[in-house]
1. Kindly evaluate residue B:206 against the criterion of being surrounded by 20 or more Cβ atoms within 10 Å (Cβ to Cβ), in a helix (DSSP H, G or I), away from chain A (no Cβ under 14 Å) and among the hydrophobic types (A, V, I, L, M, F, W, C).
2. From the set of residues in segment A:311-328 that are more than 10 Å from every other protein chain (Cβ to nearest Cβ) and over 18 Å from residue A:279 (Cβ atoms), which is surrounded by the most Cβ atoms within 10 Å (Cβ to Cβ)?
3. Looking at the structure I just gave you, is residue B:353 over 16 Å from residue B:25 (Cα atoms), within 9 Å of chain A (Cβ to nearest Cβ) and not charged (D, E, K, R)?
4. Take the residues in segment B:253-263 that are more than 9 Å from every other protein chain (Cβ to nearest Cβ) and touching a Gly at 6+ places or on another chain (Cβ under 7 Å); name whichever of them is nearest to residue B:210 (Cα to Cα).
5. Answer yes or no as to whether residue A:181 is at negative phi and without any contact (Cβ under 8 Å) to a residue 40 or more places away in the chain.
6. Considering only residues that are over 16 Å from residue B:157 (Cα atoms) and of a type in the set (S, T, N, Q), which ones fall in segment B:53-89?
7. Any idea which of B:245, B:236 is crowded, with 24+ Cβ neighbours inside 10 Å and more than 19 Å from residue B:85 (Cα to Cα)?
8. Of all residues in segment B:114-124 being within 10 Å of residue B:171 (Cβ to Cβ) and either of a type in the set (Ser, Thr, Tyr) or touching a Leu at 6+ places or on another chain (Cβ under 9 Å) (or both), which is surrounded by the most Cβ atoms within 10 Å (Cβ to Cβ)?
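The values are calculated or read from the model by the stated rules, or taken from the named source; none is laboratory data. What you see is a predicted model, and the numbers here were worked out from it, not measured in a lab. When we count neighbours, we look across all protein chains shown, and the Cβ atoms used for this are built from the backbone with ideal geometry, even at glycine.
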2 protein chains.
Amino acid sequence: MNSVTQRQSATSRPKALINDLFLRACKREDVERTPAWFMRQAGRYLPEYRQVREKVDFLTLCKTPDLAAEVTVQPVDILGVDAAIIFSDILVVPEAMGMELIVEEGKGGPRFPAPIRSREEIDKLVVPDPYSKLKFVLEAIKAARQNLNNKVPLIGFAGSPWTLAAYMVEGKGSKDFRFAKELAFSSPKDAHTLLDKLASAVAAYLNAQIEAGAQAIQIFDTWGGLLGQEEFEEFSLRYLKQVLSLLRTNGAPVITFCKDCGQSLEKIADTGADVVGLDWKTDIRKARDMVGSYVALQGNLDPVMLFATPERIEKAVRTILEKFGKGNGHVFNLGHGILPDTPVENVKVFINAVKKFSVQYHV
Amino acid sequence: MNSVTQRQSATSRPKALINDLFLRACKREDVERTPAWFMRQAGRYLPEYRQVREKVDFLTLCKTPDLAAEVTVQPVDILGVDAAIIFSDILVVPEAMGMELIVEEGKGGPRFPAPIRSREEIDKLVVPDPYSKLKFVLEAIKAARQNLNNKVPLIGFAGSPWTLAAYMVEGKGSKDFRFAKELAFSSPKDAHTLLDKLASAVAAYLNAQIEAGAQAIQIFDTWGGLLGQEEFEEFSLRYLKQVLSLLRTNGAPVITFCKDCGQSLEKIADTGADVVGLDWKTDIRKARDMVGSYVALQGNLDPVMLFATPERIEKAVRTILEKFGKGNGHVFNLGHGILPDTPVENVKVFINAVKKFSVQYHV
């Protein structure tokens, strides 16, 4: 993406964008301070989100553009984050491919009652046209852009092919994803067919999001870290690259976030993404030393730190800023999604600490 | 441990031990083939184990030396592994320190109904005398040694201070161990008091196991991988070292197994343990390059691989042998405990493949 984004960066930032710190940091350009947003920032920890959710269930919220746009903008207004991320779920893609998806909150997360376990079932999956099957996301993006009114950029997202495949084959979240890995280990040809199909679906979906107004893209590889390093390259990274090669970013930066994959950092940074997201277990100083000359880094406060005292939260923010050090190419974030019980007051401490203490690293 | 074990290795191996491949590999001495055992090898995947468990519940099995010894020896007789590991649970130590422990199978694993959340509760915990409070484990070790009749060595074990603290503070297994980490983050002084107490308890317990007949020791740090690298050093590694410094090994090799800590490999190898256990996400070739000149390595087949076809299992075993390469200092193991539903036939394929294909790396 790097060459493309450099060429087109002038067109990708509407002059009207009031706060473009996030986009500049993604491209390792000068910023006055480090921008911050965080994963699952539109979510259950916010009373304002829970109020909306009282009216509709989770999937209905995803599929009602006005409501999805409303909760997307909440953390910008309430917390002052430097980017919004469209409210949605990575599993709407497998649903659009033909799988029944059930989300019953408090019952162990989303699940597919008929998981994919055979070649026949893989062949039945369709690569969906995002403009019909996932139109609700595109509409939500348009509505969110309108609500944001150019305050901050809007991030679109999708799950990585491997992470989607893991859920589709397993049928639900799992500690070991034994069925998904069994498919990869024992029937690699079938696994590759499924992953190839998913790469096409994800790329088309992300391209449609960009066209609808997403100003950056994040790809979540939540389950890449379940694989050994060689299997990670074969079943996850290869299809991340395939997605990236199919993107028409029009200057929108691309972020990859592979959880628990710190040992493959250099390989992840070589995919061509602009930004590499780090979980909290990777040392951001070591990461910058390794790959910071050619990608920006995003992260990486431990989400559990937001349960600590305000002083401890500030100290942890300062530690990460100090580890990254002076200069450009850092987007502050959590190292994973915020936990639902996190106190909002602590989240404010976190965001304000980034804003306050990062200035000295950008003089 | 290294200097001690070298000095005393002659006394640590009774001449009568028929198969001492495991002990030799732990000390990076010559072996004819790579030895193999695996974590949770005495467990639910074995029909013979389930037969014993029909009669008694899990904790009763742990506390009935004859039965614990019986299931300890089963995988040696049935699968031909090169070491036995005493059947027990790491949570018997917190129980001996005064906590109520409940294990109801199929109900989300073991739990402490009254978790440790205050300084007062930490102060109430006692460092137990293993000869009274954990006598059942010592008796089981003696009985297992008798049953083993010097066929293969017997491994004793304990949880690391951090891993025990994580369970004790959280009260049960958890995805994020928010309460345990909150204690470490917000009340580090209290966390250190608890961890220091646990280090004393674990060291005394392991010394008693060695005295009772354990011929090697493994310390499980199952939850070290939940921490960022600096926090891992402060709250986990420091107390692993403290335990090691208090051990009177009498020549018994010491294995550390820190799950999801591959990014801290060099620090783990510097603790003074003889063997470093690897999960399946660390490349054993890279690990050997980094630390193989001063520690042996144990691992690291993905436990999910045992659901694959026999051919795939054999291929995976050969890949790991080839990655480690020729020479000494490799104990074959899984990268984490075996999963309860694993087919026994596949486990046999795995063990036999190690035995068959490793010979060529030891000529």
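1. On the way: surrounded by 20 or more Cβ atoms within 10 Å (Cβ to Cβ): yes; in a helix (DSSP H, G or I): yes; away from chain A (no Cβ under 14 Å): yes; among the hydrophobic types (A, V, I, L, M, F, W, C): yes.
Here the answer is yes, as residue B:206 does meet what is asked.
2. A:314
3. On the way: over 16 Å from residue B:25 (Cα atoms): yes; within 9 Å of chain A (Cβ to nearest Cβ): no; not charged (D, E, K, R): yes.
Criteria not met by residue B:353.
4. So the first thing to find is which residues in segment B:253-263 are more than 9 Å from every other protein chain (Cβ to nearest Cβ), and the list is B:253-259.
Going one step further and asking which of them are touching a Gly at 6+ places or on another chain (Cβ under 7 Å), we end up with B:255-259.
On the way: B:255: 13, B:256: 16, B:257: 18, B:258: 21, B:259: 24 Å.
Only one residue fits best here, namely B:255.
5. On the way: at negative phi: yes; without any contact (Cβ under 8 Å) to a residue 40 or more places away in the chain: no.
Against the criterion (at negative phi and without any contact (Cβ under 8 Å) to a residue 40 or more places away in the chain), residue A:181 does not qualify.
6. Pass one, segment B:53-89, residues over 16 Å from residue B:157 (Cα atoms): B:53-61, B:64, B:66-67, B:70, B:74-82.
Within segment B:53-89, B:60, B:64, B:74 qualify.
7. Working: B:245 fails: crowded, with 24+ Cβ neighbours inside 10 Å.
From the options B:245, B:236, the qualifying one is B:236.
8. Initially, segment B:114-124 is screened for residues within 10 Å of residue B:171 (Cβ to Cβ), giving B:114-117.
Next, only the ones that are either of a type in the set (Ser, Thr, Tyr) or touching a Leu at 6+ places or on another chain (Cβ under 9 Å) (or both) stay: B:116-117.
Working: B:116: 26, B:117: 18.
Looking at the filtered set, the residue picked out is B:116.
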